[in-house]
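Below: the structure, in C-alpha cells.
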Amino acid sequence: MTEKKIIPIQPLNDAADDGGCSSDEPFALMVLDDKMEPEFQHGDIIVCEPEGSVQDGSFVIAKIGAEYYFRQLKINGEHWQITALNPAYPPIDLQGPEDVVAVVSLKKKPGRRKEQKSYI
C-alpha cells in the first residue's frame with residue numbers, strides 16, 4: 001500500500017477580513033451549488049482549517065487569481081489539480097500547495113445537531 005504524503009498549508013496573509021478574524025482561524029462556508037455532489041449538498045456547512053495539512057484526496061478551498069474554489073485535491077507527483085465530484089465540471093490545475101487556502105475538516109447539515117461528518 002502506498003503511503004500518502006501529507007503537506008502543511010500556509011494561510012494567506014490577506015485572508016483576514018474587517019470582522020477581526022485572523023487568517024489562521026477556522027472558518028465556515030455554506031455550499032451553494034452542485035459541483036461537489038453527491039458528497040456535499042446545497043446548503044451543507046463546511047468548516048475549513050487554514051493551517052491544516054493536505055494530501056491527495058483532501059477536500060480543499062483553493063484560490064486561483066481572485067477566485068476561490070471548493071474542490072477535491074488530486075496530487076500526482078508534482079502535478080496538483082482540483083476536481084469537482086460532479087463530473088459535469090472540468091478539473092482545474094494548480095501551481096502547487098501555495099494555491100491551497102484551507103482544508104475542509106467537517107461537514108454539517110444546518111439545524112441537525114447529530115448529522116455531521118469529519119474529514120480529518
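Computed from the coordinates by the stated procedures, all read-outs in this text should not be read as laboratory data. Quick caveat, the model's predicted, so the values are computed rather than measured. Reconstructed Cβ throughout: ideal geometry from the backbone, glycine too, with neighbour counts over all protein chains shown.
Observations on the structure shown:
- Neighbour-count ranking [beta-carbon atoms within 10 angstrom, fewest first] of Val31, Val60: Val31, Val60
- Taking the square roots of five times each eigenvalue of the Cα gyration tensor of segment 35-111, the equivalent ellipsoid has semi-axes of 20, 15, 11 Å, listed largest first.
- Chain lengthening between Glu98 and Met30 when straightened (0.36 nm per residue, less Cα-Cα): 22.1 nm
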